[in-house]
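Asker: Mind looking over this structure? Questions follow.
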Amino acid sequence: MKRIKLVVAYEGTNYCGWQIQPSGITIEAVLNKALSELLGETIKVTGASRTDSGVHSLGNVAVFDTDTRIPPEKICYALNQRLPEDIVVQSSCEVAPDFHPRHCYSEKTYEYRILNRKIPIPTLRKDTYFYYRNLDVEKMKKAAAYLVGTHDFKSFCSIHTTVEDTVRTILSCEVEKSLEDIITIRVTGTGFLYNMVRIIAGTLVQVGVGEKEPEDILEILEKKDRSAAGPTAPAHGLTMIGIEYKNKGEEV
């Protein structure tokens, strides 16, 4: 028996998120089915990030155990032939038997993309949030800087979360605007709460439009109250960029 690590990219538009749901198609369910058929075993993958419905990924990580004789690095090629076009396994390798994608120390990076112009662009509708009011990027940058560090992010967490500890560490939070009118909020941290990045994005949009000041972020953090922060930005603007593991998760 060996443990295989997959790096999975997907367009989340047609899926009810990563985790298997009572109804609706999920990324996890599609991977389980394709792997079970490919390997002739009952396979259940364990994912690093349970992305929500409509959220995209360039580098989510999943592992599974198998007795297959297929070389680990070849599994991704065989698997991709069985997957739909909107799910693609970027790589596969064998890892240590005790490697767990959620329990090992890691740094996760997410990007939230906003198309900030008067008229939408149809080719960007699936992976950017269209916002027609002018956003002040410099103010958004100042606000984002207050989020860096270890804080109690209870104000930036969905009220439906089940975790008790809402302290998290943000290593970087950057805001940039491209020539194509796309504002990208890029957040890297060691862990995130339910809807945390989308609430950060919604709050930074409020700063950018002048409904909040950059310094208000400090008060929002201090209040530890979801109602103090901005709205939860739409799911389709969010993409998990990737996960970097420290000392674990490498090929054996």
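Values quoted throughout were computed directly from the atomic coordinates according to the rules given, and no laboratory measurement underlies them. Note that the structure is a prediction, hence the values are computed from the model and not measured. No Cβ is skipped: glycine too gets one built from the backbone with ideal geometry, and neighbour counts run over all protein chains shown.
Asker: Report the full-extension gain for the segment Lys246 to Thr184: residue separation times 0.36 nm, less the Cα-Cα distance, to one decimal in nm.
Answerer: Between Lys246 and Thr184, full extension yields 19.7 nm more.
Asker: Moving to a separate point now. Match the structure shown to one of the listed values (i) 195; (ii) 154; (iii) 132 of volume of the Cα convex hull per residue in Å³, computed from it, and give that label.
Answerer: The listed entry that was calculated here is (iii).
Asker: Taking 7 Å along the Cα-to-C-beta vector as the label spot, tell me the Asp86-Asp136 distance in nanometres, rounded to one decimal.
Answerer: Placing both labels 7 Å beyond Cα along the Cβ direction yields 3.8 nm.
Asker: Working from Cα positions, state the angle (0 to 90°, nearest 10) between the long axis of helix 27-39 and the longest principal axis of the chain.
Answerer: 20
Asker: Over 31 Å between Cα atoms: which of Lys2/Lys108; Lys33/Lys224; Lys223/Lys246; Lys33/Lys177; Lys118/Lys224 fall into that group?
Answerer: Lys33/Lys224; Lys223/Lys246; Lys33/Lys177; Lys118/Lys224
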